[in-house]
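First up is the structure itself, then whatever we jot down about it.
Since every read-out is calculated from the coordinates, none of them should be taken as a lab result. Here the structure is a predicted model, which is why all the values come from computation and not from measurement. Methodologically, a virtual Cβ is constructed for each residue, glycine included, from the backbone with ideal geometry; neighbour enumeration extends over all protein chains shown.
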Amino acid sequence: MLFGYSTIASRDGLISRKTMNYDTQGTSQATHSITARLLTLSLVLISPYLYAQPNPLPAYGADLNQSSVSGLSSGAFMTSQLYVAFSELMVGAGVIAGGPYLCAKSWAGNTLLTNATTTCMNPLTASVGPNTPELVKQAQKLSESGAIAPLSNLANDRVYIFSGTEDKTVTTTVVDQTYAFFKSVGIPDSSIRYDKSVNAGHAIVVTDTTTACPLTQPPFINDCDFEQSNRILSHIYPELKPATTQNPESLIAFDQSEFLTSNYTSMSKTGYAYIPKNCQAGQKSCSVHIVFHGCQQGAEVIGDQYYAKTGYNELAEANDLIVLYPQITPSNTIPFNPQGCWDFWGYSSPGNIDPDYYTRSAPQLSAVYKMLQRLATPAQTNTVPE
Amino acid sequence: MTTAAPLIEPKLINILKQWRCFSHQNAENLQLFCSAFTPVHDSLQITQQVLKQWHDKPWTLPEQPSVDSSALSNAYRELIDIQQAALEKEQEAYFRYWTTALTNSKQMINALQGVSSPQQALVAYLEANLDLARQYQEDVSEQLTDLNQIKAAYTAWWQKTLESLQPEKPQ
């Protein structure tokens, strides 16, 4: 909070100096002085709320070559997008209730939005679900053109996929195609863990919450007696150590806006990250795991429930893993994103009939990539990467 | 000492507030619906996507002798599946509307029993109707989702069928 506090301190200093001037003008102005002091006090008390501005994301000299990503629902679609587009950095991914990469491009006769909300979530029959052979072809073309990283990078990776049997929002029919897509682009079957046996609703699974496992209701964090973050990370990083206590001071808020090049990303002003103690000290070059929340799950909607209470931070502390939690905010106008979802159908390029939401230069993906670059910058350097 | 009965029943004020809130929410939803409705953009997007797809893999109506019979029977089977699923969705929707109407009628009859003043009758009537309006709104929303699903399925089936019926090009 150094940046924000310095701004607040300078404003308070200005007000204090003015108050002292009042005091030097004699007792007849005592009333004015008291009023001014009260005004100063009230401003000091409310100024953190008026002027609070998140810090820039600090540099920690992170090792990006062992990065990974996971997410739920729209965050799972975003996971596939980031994972495939920047596969040269990735060693694995965790997809909870999400469809395959480019899913909204399945059927040319439907709009991207229609495909996203039907084909990619709950298709009428399995035969009109995600068109995986076509999606693989399109991904290969993008890879050949350099719009995304070579698909061959994925061959050595490890992927976790999950679909709850009670999930009627993104059905198992769709998630099956995520599994098919990853196999088609060269990830060996032995490296994919596909779990579709749990009677979970549409949610991320934790061990300690009030929402029962089969339900689908806000905040979409369900109790199914296991910690899904643990399953994801232990699959991607087989040597993972058991979770330890998270350190509240390691959880930081940062300014996302400096990474945005478009006004239509629907990304919040504030993002969050968990930086374990050993990674803060600069003694160790830590790997990074990115976590994407689902629709109606951003911090502005459900507070810290996703970025502080889904079990990632406890594992991060034990394993010296930086966890990055980029955030989306709902938007009812332009861009049209009333549920606060990650973009997997093109809302972040309003008016464009062929929107880019899936390549390395897509508005949201490039913003997250810049955050990663910042984390990888050697400590003590804070410049926005080009 | 007895307290005078209020001129307006507190429950009536409460239910009127709820109606106002419901109307406000509906206005917001309508605004969101209008924002999502972009017919020109959608038409252009579909045209562009279809042309691109056609450029990569030209679709033509197949000539009779060259039709692959297994592809044709597969397409026919998938169409039957879609029609069955669509029919089930429509039946579910009618069942939902019927249940809503029935439940509300019972609720209305029960609510009006034991009413001792015109204001209480009005409260009971407004409460029952608010429940009905909310339930119908949910039903309509669900049916719109179903219709969108059905439309998307037929479109996808059409593309899939055209592609599957194209004769294999020699390598």
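A straight Cα-to-Cα reach below 28 Å connects B:Lys11 with the lysines B:Lys106, residues fewer than 8 places away in its own chain not being considered.
Annotation: amide H of A:Ile192 within the under-5 Å range of A:Val159, sequence separation 5 or more or interchain, hydrogens built in the peptide plane.
For peptide A:327-335, the mean count of partner chain Cβ atoms within 10 Å of a residue's Cβ comes to 1.
Shielding by partners for peptide B:136-146, expressed as the average number of C-beta atoms from other protein chains within 10 Å of each residue's C-beta, is 1.
In sequence order, segment A:168-183 has phi-based couplings of 9, 8, 10, 7, 4, 3, 6, 5, 4, 6, 5, 4, 5, 4, 5, 5 Hz under the Karplus curve 6.51 cos²θ - 1.76 cosθ + 1.60, θ = phi - 60°, and Gly or Pro positions carry x. On the basis of the beta-carbon distance and an R0 of 60 Å, B:Trp19 and B:Gln166 show a calculated FRET efficiency of 0.55.
Label sites at B:Tyr154 and B:Asn26, each approximated as a point 7 angstrom past Cα along Cα to Cβ, lie 3.0 nm apart.
Over all pairs of different C-alpha atoms, the protein assembly as shown has a mean inverse distance whose reciprocal, the Kirkwood radius, equals 26.8 Å. Pairs over the 30 Å Cα-Cα cut-off, from the set B:Lys17/B:Lys89; A:Lys269/B:Lys17; A:Lys183/B:Lys57; A:Lys284/A:Lys370; A:Lys196/B:Lys160: B:Lys17/B:Lys89; A:Lys269/B:Lys17. Distances between placed amide hydrogens fall under 5 Å for A:Ser67 paired with A:Val91, A:Val288, all partners being 5 or more residues away or on another chain. Helix content alone sets the calculated 222 nm mean residue ellipticity of chain B: runs of n ≥ 4 DSSP H residues at -39500 (n - 2.57) each, divided across all residues, give -29000 deg cm²/dmol. Expressed in Å, the radius of gyration and Dmax of the Cα atoms of segment B:94-165 are 20.6, 72. Ranked by the mean number of other Cβ atoms within 10 Å of their residues, highest first, the peptides A:81-88, A:251-258, A:361-368, A:212-219 fall in the order A:81-88, A:361-368, A:251-258, A:212-219. Karplus-based coupling profile of segment A:72-81, in residue order and whole Hz: 10, 6, 4, x, 6, 4, 5, 4, 4, 5, with θ = phi - 60° in 6.51 cos²θ - 1.76 cosθ + 1.60 and x standing for Gly or Pro. 3J(HN,Hα) along segment B:71-84, derived from phi through the Karplus expression 6.51 cos²θ - 1.76 cosθ + 1.60 where θ = phi - 60°, amounts to 5, 5, 5, 5, 4, 5, 5, 5, 5, 5, 4, 5, 5, 5 Hz, with x in place of Gly and Pro. The mean number of partner chain beta-carbon atoms within 10 angstrom of a residue's beta-carbon across peptide B:26-33 is 1.
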